[in-house]
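Right, one structure below, let's go through it.
Computed from the coordinates by the stated procedures, all read-outs in this text should not be read as laboratory data. Remember, it's a predicted structure, so these values are computed and weren't measured experimentally.
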Amino acid sequence: MESLDKVFFYDFLKNVMGENLDVNLSEESKELIRSYTRIIRLNKGEFLQIEGDVSRFWGYVSEGLVRVYYLQHDKEITEQLAHEGDGFLDYESFFNQSPSRRFIQMLEPTTLYLFPRLECEELCSKDMEIRRFFRLMTELTLLLKKKRIQNTIFKSAKERYQILLNEKPNLVLRVPSIYVASYLGITPETLSRIRSTVK
């Protein structure tokens, strides 16, 4: 682990809060978060977590690409694809401290900001601003998860692909097609057909 550059980390927090969170953090609160945040760099193909581990971190991607997936009947199901500025959290394992079903793998050389669970709890007990910050981050995570479930139920495969293309066009270009298809809940063949019709 290494220390975080103050200016770079503050810019990162500003990006996260500005787009997703209705919260303003004082300089003191931001510095507290920075002091407890860990930075780690992993190579392509490496894992932050494998099935059976207990989740200890709330992660954000500073640079690179992350895939969260689980096994179902020996088949890999991609649950999340996260790139620069995206957060990822194994919600059930993190909050229940139970063994996880999920793998967290790097698809590119990746730099992560990690918020350790125990330190998060300690900070939230000391600072009301930080408590609100993490509460809103939790709510955002749940809302995004709910949106993904609703899209899977109510949107067609083509509509789901179009949403992904509109929201994260760069992601579609960087992620192997087999993982994009799995994330969308379709076969690679169906994805290829959809791509041929979408301009």
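I'm a student and want to see the number: the projected area of the Cα convex hull of region 155-199, averaged over all directions, in nm².
Working: hull surface 11.1 nm².
That works out to 2.8 nm², a quarter of the Cα hull's surface.
For the chain, what value does the Rg/Rh ratio take when both radii are computed over Cα atoms and Rh is the Kirkwood radius, given to two decimals? Provide the component values of the computation, followed by the final result.
Details: Rg = 17.4 Å, Rh = 17.9 Å.
Ratio of gyration radius to Kirkwood radius for the chain: 0.97.
Going by alpha carbons, how many degrees (0 to 90, nearest 10) lie between the helix axis of 128-154 and the longest principal axis of the chain?
Roughly 10 degrees, rounded to the nearest 10.
Mind checking which aspartates and glutamates have their Cα closer than 19 Å to the Cα of Lys126? Skip sequence neighbours fewer than 8 apart in that chain.
Straight-distance partners of Lys126: Glu27, Glu28, Glu31.
Using only Cα atoms, find the angle between the long axis of helix 157-167 and the longest principal axis of the chain, and express it within 0 to 90 degrees, rounded to the nearest 10.
Once rounded, one gets 40 degrees.
Using Cα pairs under 8 angstrom and six or more residues apart, how large is the relative contact order of region 6-141, in percent? Mind showing how you got there, number by number?
Values: 249 pairs, mean separation 46.3, N = 136.
Contact order relative to length: 34 percent.
Taking 27 Å as the cut-off for C-alpha to C-alpha distance, list the pairs among Lys44/Lys146; Lys44/Lys145; Lys30/Lys146; Lys75/Lys155; Lys147/Lys168 that go past it.
Violating the 27 Å limit, Cα to Cα: Lys44/Lys146; Lys30/Lys146.
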